[in-house]
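A quick write-up on the structure given underneath.
The values are calculated or read from the model by the stated rules, or taken from the named source; none is laboratory data. It should be emphasised that the depicted structure is a prediction, and the values quoted were computed from it without experimental measurement. A quick note on method: Cβ atoms are made from the backbone with ideal geometry, for glycine too, and the neighbour counts reach across all protein chains shown.
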């Protein structure tokens with residue numbers, strides 16, 4: 001009887017704590033595929049009489065806006081308007097069939113969620129927006145403001161670092177509620193892919209997040225790789241802002257350049273692109289690999305990364321960060337992307353720039369092993385999307401009377 005094979009999903013050591021993120025070296029950001037040409041939205045089909053017609057019915061309405069699974073933001077919004085009056089389950093399934101070619105911002109998401117018929121459709125639109133987090137915005141979301149001079153850009157970034165340093169120094173310890181939903185991507189090579197959702201719901205759970213004062217990394221100071229990795233990749237007792245401080249410090253040894261202006265919740269945001277080479281990186285990822293004698297091994301090492309920083313030009317607070325890592329060729333991990341949104345939150349007498357939404361997308365091969373621990377080979381290529389919302393920030397009971 002042959003040995004049974006088991007699967008092991010390559011997991012990142014950075015799920016959980018607030019501002020985790022993972023970008024890629026100076027490799028260029030992934031470009032979005034050209035959107036399909038817009039077409040006139042079809043008339044709403046009548047409800048299917050039986051199961052034989054159901055799958056064809058699902059193919060129509062929303063999907064037929066672009067005559068394909070891939071739609072841009074304008075086509076998605078047209079589809080959402082066309083779906084008015086339909087049931088929650090139907091709209092959710094139709095949304096789940098789509099892939100975006102442009103970033104569907106949190107501003108747009110919050111504007112559309114109240115118009116959807118129920119919980120399922122709201123969840124489907126949320127994961128569709130999450131999966132687009134690392135794509136470029138549509139042109140209509142960019143602001144036509146003058147590009148700051150090089151001197152003003154440097155001043156803005158310098159003051160952003162000072163603002164973060166003050167927060168790490170002065171912010172109190174906090175407790176918050178973190179709600180996390182996990183999704184698995186359906187195999188893109190499945191021949192039935194066009195009739196199945198892009199992302200399948202796996203689980204939802206909540207936990208208390210403890211953000212401790214004094215554990216953050218000062219972005220102005222050098223530190224050892226072990227120190228930064230410990231703070232950034234810590235579990236729910238990590239310090240808020242520590243991963244953001246790591247990005248700011250590392251990028252000072254990499255490359256930073258102006259990107260664009262975009263609309264934020266309270267005004268324009270100045271967006272910068274950055275990249276960090278591996279030799280200056282303090283960002284560590286864990287992944288599965290295979291030794292020469294076919295043994296499974298988990299490796300943790302620093303990786304090059306890149307992403308964007310979105311700065312509020314008025315407060316100098318950083319309100320959005322993306323990070324995309326480039327794992328090595330020996331890694332089972334193929335993708336490790338994270339995006340974090342921040343928001344000024346009043347807690348007692350202090351105003352803290354706190355993470356409120358985190359998206360993590362990881363993609364990698366499973367490894368098949370027998371009972372003796374020998375690797376049989378690589379299994380499925382699996383993608384996991386982790387959506388975390390952090391709410392109810394407050395000081396611990398012992399600190400509330402300080």
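Keeping to segment 385-402, report how many residues are farther than 19 Å from residue 342 by Cβ and either modelled with pLDDT of 90 or more or out of contact with any strand residue (DSSP E or B) (no Cβ under 8 Å at 6 or more places or on another chain) (or both). Can you show your working first?
The initial filter retains those residues of segment 385-402 that are farther than 19 Å from residue 342 by Cβ, namely 385, 396-402.
With either modelled with pLDDT of 90 or more or out of contact with any strand residue (DSSP E or B) (no Cβ under 8 Å at 6 or more places or on another chain) (or both) added as a condition, the list becomes 385, 397-399, 401-402.
Number of matching residues: 6.
Which members of segment 318-338 meet the condition of being under 20 Å from residue 278 (Cα atoms) and either touching a helix residue (DSSP H, G or I) at 6+ places or on another chain (Cβ under 8 Å) or not in a loop (DSSP other than H, G, I, E, B) (or both)? Explain how you work it out, then say what you get.
Within segment 318-338, the subset under 20 Å from residue 278 (Cα atoms) is 321-338.
Within segment 318-338, 321, 322, 323, 324, 325, 333, 334, 335, 336, 337, 338 meet the criteria.
Kindly list the number of the only condition in (1) closer than 23 Å to residue 355 by Cα; (2) surrounded by 19 or more Cβ atoms within 10 Å (Cβ to Cβ); (3) modelled with pLDDT of 90 or more that fails for residue 164.
Of everything listed in (1) closer than 23 Å to residue 355 by Cα; (2) surrounded by 19 or more Cβ atoms within 10 Å (Cβ to Cβ); (3) modelled with pLDDT of 90 or more, residue 164 misses just condition (3).
For segment 137-162, enumerate the residues that are in contact with a strand residue (DSSP E or B) (Cβ under 7 Å, 6 or more places away or on another chain), under 14 Å from residue 72 (Cα atoms) and not in a helix (DSSP H, G or I).
137
Tell me which of these residue 309 doesn't satisfy, since it passes every other one: (1) crowded, with 20+ Cβ neighbours inside 10 Å; (2) closer than 18 Å to residue 328 by Cα; (3) in contact (Cβ under 8 Å) with a residue 60 or more places away in the chain.
In the conditions (1) crowded, with 20+ Cβ neighbours inside 10 Å; (2) closer than 18 Å to residue 328 by Cα; (3) in contact (Cβ under 8 Å) with a residue 60 or more places away in the chain, residue 309 misses (2) alone.
Exactly one of (1) modelled with pLDDT under 95; (2) surrounded by fewer than 22 Cβ atoms within 10 Å (Cβ to Cβ); (3) in a strand (DSSP E or B); (4) in contact with a helix residue (DSSP H, G or I) (Cβ under 7 Å, 6 or more places away or on another chain) is unmet by residue 265. Its number?
(3)
What about residue 66, is it exposed (fewer than 13 other Cβ atoms within 10 Å of the Cβ), under 26 Å from the mean Cα position of the chain (by Cα) and at pLDDT below 90? So that I can check it myself, show each step before the final result.
Values: exposed (fewer than 13 other Cβ atoms within 10 Å of the Cβ): no; under 26 Å from the mean Cα position of the chain (by Cα): yes; at pLDDT below 90: yes.
The answer is no for residue 66.
Here is a yes/no grid of residues against (1) touching a strand residue (DSSP E or B) at 6+ places or on another chain (Cβ under 7 Å); (2) crowded, with 16+ Cβ neighbours inside 10 Å:
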residue: 344; (1), (2): yes, no
residue: 353; (1), (2): yes, yes
residue: 372; (1), (2): no, no
residue: 383; (1), (2): yes, yes
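Can you find, within segment 271-311, the residue that is nearest to residue 378 (Cα to Cα) among those that are touching a strand residue (DSSP E or B) at 6+ places or on another chain (Cβ under 7 Å) and not in a strand (DSSP E or B)?
My answer is 294.
Can you name the number of the only condition in (1) in a helix (DSSP H, G or I); (2) touching a residue at least 40 places away in the same chain (Cβ under 8 Å); (3) out of contact with any helix residue (DSSP H, G or I) (no Cβ under 8 Å at 6 or more places or on another chain) that residue 134 fails?
Condition (1) is where residue 134 drops out.
Out of (1) touching a helix residue (DSSP H, G or I) at 6+ places or on another chain (Cβ under 9 Å); (2) crowded, with 18+ Cβ neighbours inside 10 Å; (3) not in a loop (DSSP other than H, G, I, E, B), the odd one out for residue 113 is which?
Going through the list (1) touching a helix residue (DSSP H, G or I) at 6+ places or on another chain (Cβ under 9 Å); (2) crowded, with 18+ Cβ neighbours inside 10 Å; (3) not in a loop (DSSP other than H, G, I, E, B), residue 113 breaks only (2).
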